[in-house]
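The structure appears right after this line, and notes come after that.
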Amino acid sequence: MDKKLSNFYFWGAGYLLLVCAILTLTSSKVTDGEIQIVEKEVAPLLCFNVETSELRTSDTESGCLAPEESLGTEPINHTDVRPTQIDRTFEVRFLAAQVAAKEAGFNIRITSGFRTQQLQESLHADAVKKYGSEEEASKWVLPKEISHHTWGTAIDVNYPGDRKAAKWLEESGSTFGLCRVYKNEWWHFEPVIAPGELCPPMMANALESLPTPEVK
Ligand SMILES: [Zn+2]
């Protein structure tokens with residue numbers, strides 16, 4: 001072989017090896033970087049199958065498998081648009097709790113859930129008559145614009161009726177994201193927490209849930 005040509009092959013092969021080495025180093029560095037970024041936080045997620053009454057713990061990455069429905073991972077606040085029925089995730093929370101209550105020997109049922117504004121208005125008017133003032137009435141039945149029953153995010157359980165079973169829900173409801181919120185209403189529950197969180201301290205009554213008027 002010509003000396004020039006063999007020199008060319010020699011240096012050519014050396015150069016190729018160098019390029020390969022650099023490429024390998026660079027790509028392994030990139031891979032290392034990616035591995036460090038890919039740390040994800042996976043929180044538990046409760047899934048309920050209404051057809052089979054089965055409750056399963058999944059996680060936020062895997063989600064629930066249809067026909068399972070999620071109990072959600074946040075407190076349930078009302079929507080901007082007026083609903084015509086109870087919030088579905090809230091309802092699923094209650095249905096899951098109802099099955100657990102039954103297993104513990106208690107029957108819980110919704111005796112008043114979603115209310116139309118018309119119904120709430122007439123309930124509020126009745127309460128004003130009964131308690132003598134707008135303020136006293138609002139401790140028990142809020143006006144139609146603000147009552148969470150008209151927003152599909154409040155339920156009354158076993159009222160008037162089995163208070164012991166409602167007590168079970170008061171004590172165990174947080175697992176499902178359900179809390180009793182008023183000291184004066186043992187029957188009234190709202191989805192104010194994520195399932196598994198602690199319920200906040202109870203308010204004295206519904207009036208306390210209203211924003212305090214600005215003092216001028
Ligand atoms: Zn209520």
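Could you list, in sequence order, the residues of region 150-164 that are away from the ligand (no atom under 13 Å from the Cβ) and either touching a residue at least 60 places away in the same chain (Cβ under 8 Å) or touching a strand residue (DSSP E or B) at 6+ places or on another chain (Cβ under 9 Å) (or both)?
GLY161
Of the residues GLU145, GLU103, which single one is loosely packed, with under 15 Cβ neighbours inside 10 Å and within 16 Å of the ligand (Cβ to nearest atom)?
Criteria check complete, one pass: GLU145.
Could you check, for region 64-74, whether at least one of its residues is surrounded by 20 or more Cβ atoms within 10 Å (Cβ to Cβ) and within 16 Å of the ligand (Cβ to nearest atom)?
No, region 64-74 has no match at all.
Filter region 43-87 down to residues that are under 18 Å from GLN98 (Cα atoms) and of a type in the set (Ser, Thr, Tyr), then give me how many there are.
4
Answer yes or no as to whether LYS167 is assigned by TED's automatic domain parsing to the domain that holds GLN118, away from the ligand (no atom under 14 Å from the Cβ) and of a type in the set (Lys, Arg).
Against the criterion (assigned by TED's automatic domain parsing to the domain that holds GLN118, away from the ligand (no atom under 14 Å from the Cβ) and of a type in the set (Lys, Arg)), LYS167 qualifies.
Say we look at region 181-202 and pick out the residues that are exposed (fewer than 15 other Cβ atoms within 10 Å of the Cβ) and over 21 Å from the mean Cα position of the chain (by Cα); which of these is farthest from the ligand (Cβ to nearest atom)?
Residue satisfying both the conditions and the ranking: LYS183.
So, ALA125, is that one surrounded by fewer than 20 Cβ atoms within 10 Å (Cβ to Cβ), of a type in the set (Gly, Ala, Ser) and in contact with an Asp or Glu (Cβ under 7 Å, 6 or more places away or on another chain) or not?
no
The values are calculated or read from the model by the stated rules, or taken from the named source; none is laboratory data. Fair warning: this is a prediction, and the values are worked out from it, not measured in the lab. Methodologically, a virtual Cβ is constructed for each residue, glycine included, from the backbone with ideal geometry; neighbour enumeration extends over all protein chains shown.
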